[in-house]
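Inspection log for the structure reproduced underneath, given as structure tokens.
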Amino acid sequence: MLAISLWQPWASLIFSSAGILPVDPPIRKHFETRSWRPIRNGKPHWGPLLIHAARRVLDAREFRDFDLHDLGIQYADYRRLEFGKSLGIVELVDDFPTEAITKMPALQAQTELQLGNFSPGRRAWQFEDPRAFEAPWHLLGRQGLFEVPDAQIAGHALRAM
């Protein structure tokens, strides 16, 4: 299965802040923004995508620079998230130019635009059907899309969100 490593808290927010961050109302990230399309071996990848939380931990200054406190996310809560682990699986259903996403009226009133870099020329990957692992598990992440053997994923139970 293909996977992507994302920094926290953005990786966890794909599966919702409910139960992991004391944010009210809960936040769920539906798009991941990238400067590149989800292409593997010369073809677009649509379908299952494993979400891995990178090991990198933002320091307090970097955390402040991302304005995450505006979403109700506090640094102490952020530090308790899982790092360097596989969090779950989503369905990657499409990717759009970010210019198209920022014009969608339903998104303009939501926090989605605060959860990614929607500047012109980037891509917004659309995720559906997030299923978190009941117990996140250690995995060495990589940059870009990378392959995780199905045998390594088998035996890790998922729960629907």
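Restricting attention to the stretch 75-108, which residues are assigned to a helix (DSSP H, G or I) and either more than 21 Å from P120 (Cα to Cα) or among the β-branched types (V, I, T) (or both)?
Residues satisfying the conditions are Y75, A76, D77, Y78, R79, T98, I101, T102.
Within the stretch 1-72, considering only strands (runs of 3 or more DSSP E) that don't extend past its boundaries, which have at least 2 residues that are in contact with a His (Cβ under 9 Å, 6 or more places away or on another chain) and either touching a residue at least 24 places away in the same chain (Cβ under 8 Å) or at positive phi (or both)?
2-6
Within the stretch 1-32, take every residue that is among the β-branched types (V, I, T) and within 16 Å of E112 (Cβ to Cβ) and give me the one that is farthest from the chain's Cα centre (by Cα).
V23
Each row is one residue, and each column tells you yes or no for (1) surrounded by 14 or more Cβ atoms within 10 Å (Cβ to Cβ); (2) within 26 Å of G121 (Cα to Cα); (3) of a type in the set (A, V, I, L, M, F, W, C); (4) under 17 Å from the mean Cα position of the chain (by Cα).
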position	(1), (2), (3), (4)
N41	no, yes, no, no
P44	no, yes, no, no
L49	yes, yes, yes, yes
A54	yes, yes, yes, yes
V57	yes, no, yes, yes
L68	yes, yes, yes, yes
I73	yes, no, yes, yes
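When residues of the stretch 111-155 are filtered for being in a loop (DSSP other than H, G, I, E, B), of a type outside the set (K, R) and surrounded by 16 or more Cβ atoms within 10 Å (Cβ to Cβ), how many remain?
Looking only at that region, the number is 5.
Every read-out reported here was derived from the displayed coordinates using simple, explicitly stated rules and does not represent laboratory data. All figures in this text were calculated on a predicted structure; none of them were measured in a lab. FYI the Cβ positions are ideal-geometry reconstructions off the backbone, even for glycines, and counts take in every protein chain you see.
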